[in-house]
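The values are calculated or read from the model by the stated rules, or taken from the named source; none is laboratory data. If you're wondering where the values come from, they're calculated on a predicted model, not measured in any experiment. Please note: Cβ atoms are built from the backbone with ideal geometry, for glycine as well, and neighbour counts cover all protein chains shown.
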Amino acid sequence: MTAALEVTALAKRYRGGVEALRGVDVAVAPGELVGLLGPNGAGKSTLVKSAVGLVRPTGGTVTVCGAPAGTPEARRALGYLAELFRFPGWATADEVLALHQRLAGSAGGAGERTELLALVGLPDVAARRMETMSKGMQQRVGIAQALVGRPQLLLLDEPTSALDPAGRRIVRDLLVELRRRGVAVLLNTHLLSEVEHVCDRVAIIDRGELLAAGSPAELANPQGVEIETATGTRRFAGATRDEVPDLVARLVGEGERVYDVRVVRSSLEDAYLAAVERNA
């Protein structure tokens, strides 16, 4: 199966010798949600812009649904929301989407515009000017424009940065719905909680290098087992899930009454901080 996004040995050196990316490999399968994590200046936005075709790599390759990044075929297959964007204040939400339909060559018409605004939780703002909307509402209109033309790959650069908790939940639900529809998503964000809730896999980069990749569960290492008994909590540092039956049997054999068992894991935040600190 052709990957929605295939980044291979991607390198980018800017003038002055700044290396934004140093041989990064990242892949996003069809219908997969991948979170891109890293501190400011790690190279995340450069990677996303390389996929869009806005940045020309120094080395390596980027393909979108099998087509080289930046080609008409690749651009037709993706939708993009930049971190910093601005729509004309005088334009209505409907006019913004209509403009992007013409740019994308979408024949979806008014039906597509209505569907997209409803999808991002803004069913009643079609006739409202952008300048009258909050930053969070504009952000959601931005996500709607990225979905014009039914892209197979969605690139989102900090899509929840201006949203309140209710808005972030709407975007989380939207991402889950897009996965159900088979749309692949690369999500560049600083909000680890968002990634932990919705992403299938995570890629952590820093100083232009890929530090770690895997599912949130794989990156969150086991820290032991806690067993709640009648006499208190018994902690078994370093124990794994596979050892739980033997531990419980041993405690019961010793006359303990067992009420609860927890496999303790580090959080994705712990894994992220550990990876970045090792690279410092």
Taking segment 63-100 only, how many residues are among the hydrophobic types (A, V, I, L, M, F, W, C) and assigned to a helix (DSSP H, G or I)? 7
Need the failing condition index for Ala82 against (1) in contact with a helix residue (DSSP H, G or I) (Cβ under 6 Å, 6 or more places away or on another chain); (2) of a type outside the set (S, T, N, Q); (3) in contact (Cβ under 8 Å) with a residue 60 or more places away in the chain, just the number. (1)
Is it true that some residue in segment 37-46 is over 21 Å from the mean Cα position of the chain (by Cα) and either closer than 23 Å to Leu210 by Cβ or among the hydroxyl-bearing types (Ser, Thr, Tyr) (or both)? no
A careful count of residues in segment 84-117 that are loosely packed, with under 15 Cβ neighbours inside 10 Å and not aliphatic (A, V, I, L, M) gives 10
For residues that are within 19 Å of the chain's Cα centre (by Cα) and among the aromatic types (Phe, Trp, Tyr), scanning just segment 61-104, find the one that is modelled with the highest pLDDT. Tyr80
Out of the residues in segment 37-62 meeting the condition of being in a loop (DSSP other than H, G, I, E, B) and polar (S, T, N, Q), tell me which one is farthest from Asn188 (Cα to Cα). Thr58
Need at least 3 residues that are over 24 Å from Ala91 (Cα atoms) and more than 10 Å from the chain's Cα centre (by Cα) per element, so show me which strands (runs of 3 or more DSSP E) inside segment 115-211 make the cut, counting only ones lying wholly within it. 201-206
Would you pick out the residues in segment 198-254 that are touching a helix residue (DSSP H, G or I) at 6+ places or on another chain (Cβ under 7 Å) and aliphatic (A, V, I, L, M)? Val198, Val202, Ile204, Ile205, Leu211, Ala212, Leu219, Ala220, Val225, Ile227, Ala239
